[in-house]
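Input: a single structure, listed below in structure tokens.
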Amino acid sequence: MKKAIVKAGKGLRKVFPMILGTVLLVSLISVLIPKSFYLTIFGKNLFLDLIIGSLIGSISEGNPIISYILGGELLTQGVSLLAVTAFLVAWVTVGLIQLPVESAILGKKFALLRNITAFVLAVMVAVITVLIFKVF
């Protein structure tokens, strides 16, 4: 048990600078990109909104608590439910910013596969959500 704790501590010490850098980068992007920026990106084409929402959500990255507030604001500004759902699911599940850290800890193949799967599922969840609510 003691060996496992020591080994885990060494591993954590090795990746801590990468984790700290990722947290700082996410914080910087959150400050530099104003929330109003997202409103100008989404148009009236549902397919493009779906793809754009998923891509921007993948790059932006955020936590679930903020996503409820941001999603509500986007919906009140007239952004489609499809785009908002794709954006928020990708924002919470896909982590392109943290990909280097995830690759170092879990391996490149696993990290890439997880992010690609999360992106595809974000698109699918958005479509299914809109179909369930029958709002196009």
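Conditions (1) surrounded by fewer than 12 Cβ atoms within 10 Å (Cβ to Cβ); (2) in contact with a strand residue (DSSP E or B) (Cβ under 7 Å, 6 or more places away or on another chain); (3) farther than 18 Å from L121 by Cβ, marked per residue:
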{"position": "M1", "(1), (2), (3)": "yes, no, yes"}
{"position": "V23", "(1), (2), (3)": "no, no, yes"}
{"position": "L32", "(1), (2), (3)": "yes, no, yes"}
{"position": "I41", "(1), (2), (3)": "no, no, yes"}
{"position": "I69", "(1), (2), (3)": "yes, no, yes"}
{"position": "A90", "(1), (2), (3)": "no, no, no"}
{"position": "G95", "(1), (2), (3)": "no, no, no"}
{"position": "I105", "(1), (2), (3)": "no, no, yes"}
{"position": "A111", "(1), (2), (3)": "no, no, no"}
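Looking only at the range 3-21, count how many residues are surrounded by 10 or more Cβ atoms within 10 Å (Cβ to Cβ) and either modelled with pLDDT under 75 or of a type in the set (V, I, T) (or both).
4
Within the range 59-66, does at least one residue satisfy the condition of being within 30 Å of G11 (Cβ to Cβ), surrounded by fewer than 18 Cβ atoms within 10 Å (Cβ to Cβ), in contact with a Gly (Cβ under 9 Å, 6 or more places away or on another chain) and of a type outside the set (G, A, S)?
Filtering the range 59-66 down to residues within 30 Å of G11 (Cβ to Cβ) leaves 59-66.
After this cut, where a residue has to be surrounded by fewer than 18 Cβ atoms within 10 Å (Cβ to Cβ) as well, the list is 59, 62-66.
With in contact with a Gly (Cβ under 9 Å, 6 or more places away or on another chain) added as a condition, the list becomes none.
Scanning the range 59-66, I find no residue that is within 30 Å of G11 (Cβ to Cβ), surrounded by fewer than 18 Cβ atoms within 10 Å (Cβ to Cβ), in contact with a Gly (Cβ under 9 Å, 6 or more places away or on another chain) and of a type outside the set (G, A, S), so the answer is no.
Only one of these is closer than 24 Å to N115 by Cα, at pLDDT 85 or above and either touching a helix residue (DSSP H, G or I) at 6+ places or on another chain (Cβ under 7 Å) or of a type in the set (V, I, T) (or both): S60, S54. Name it.
The match here is S54.
The values are calculated or read from the model by the stated rules, or taken from the named source; none is laboratory data. Predicted model only: the values in this text are computed from it and were never measured. Neighbour counts are summed over all protein chains in view; Cβ atoms, including those assigned to glycine, are modelled from backbone coordinates with ideal geometry.
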